[in-house]
1. Which whole-number percent gives the relative contact order of the range 15-207, counting Cα pairs below 8 Å spaced six or more residues apart?
2. May I ask you to sort I9, I18 by Cβ crowding, counting other Cβ atoms within 10 Å and putting the fewest first?
3. Determine the dipole magnitude for the chain: charges of +1 sit on the beta-carbon of Lys and Arg, -1 on that of Asp and Glu, nothing else is charged, the reference point is the Cα centre, and the result goes in debye to the nearest 20.
4. What spacing in nm lies between the two simple spin-label points modelled at A125 and Q169, each 7 Å away from Cα in the Cβ direction?
5. What three numbers, in Å, describe the spread of the alpha carbons of the chain along their principal axes, ordered from the longest?
6. On a full-extension model of 0.36 nm per residue, what is the gain between T72 and R26, subtracting their alpha-carbon distance, rounded to one decimal in nm?
7. Near R135, within a Cβ-to-Cβ distance under 15 Å, what is the net charge of the other residues, with Lys and Arg +1 and Asp and Glu -1?
8. Amide H of A174: which non-local residues (sequence gap of 5 or more, or other chain) have their own amide H closer than 5 Å, using H built in the peptide plane?
Amino acid sequence: MREAFKFHIDLAVRLSVIILAGGRGRRLGGDKADVLLGDESLLSRTVRRARALSDDLVVVTRREQQVVHQPTDVCWTSDIAGQEGVLAGMTAGLQACRNGWALCIACDMPFVDPAVVRLLTTRTAGVDVVIPEHRLGLEPLHALYHLRCLPAMEACLRGGAHRPISLLQAMRVAKVEQGAIEVLDPTWKSFYNVNTPEELARAREWLAP
């Protein structure tokens, strides 16, 4: 079942959206991008929701990856040659973006909430990264990155650092506090990601009529 939600939401800055779709989904039995949730793949659903935020959607896959359920009207790119990991995918995605700011999410985050993203866009003044902060830590795969981050990203990769958190030490960062997020999303559902069969089953329950 496809739930309704508002499209074309007003944001404080113009965004691109990077969707990382290279996850191998070993615990799910196949590439995450093609795992079905309802009548569409995880990637197709995440792309559909992201269209409320931007007309510049960049999907990043592994270089050898073949996506079965391919959304249309998106920019496709792949991990940087010789690099792998989340930061490499983020870097490749940011290199392909048309706008100065980009939201970076994973394709297995099927409940991204445009209202939460709008909140992040209000915190962009004077910084390079806007990142939500939960009591358990930061959420680098539901965060905003400016094109100014690219040189630092590339330097991290050259130095062998592949985790997004490595980037933050070199950038100006705005942390969006947990309380502000929970006003809009009390259960953090928009940050939910699907890694296991149990998490997939829960997501399917949420979509059930």
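What follows draws every value from the coordinates through simple rules; no lab data is involved. Quantities reported herein were computed from a predicted structural model and do not represent experimental measurements. Cβ atoms come from the backbone with ideal geometry, glycine included; neighbour counts cover every protein chain shown.
1. 24
2. Ordered by Cβ neighbours within 10 Å, fewest first: I9, I18.
3. Roughly 240 debye, rounded to the nearest 20.
4. Once both label points are built, they end up 3.1 nm from each other.
5. Extents along the principal axes: 45, 41, 33 Å.
6. 14.0 nm
7. -4
8. For A174, whose amide H was placed from the backbone, the distant partners under 5 Å are D128, V129, V130, I131.
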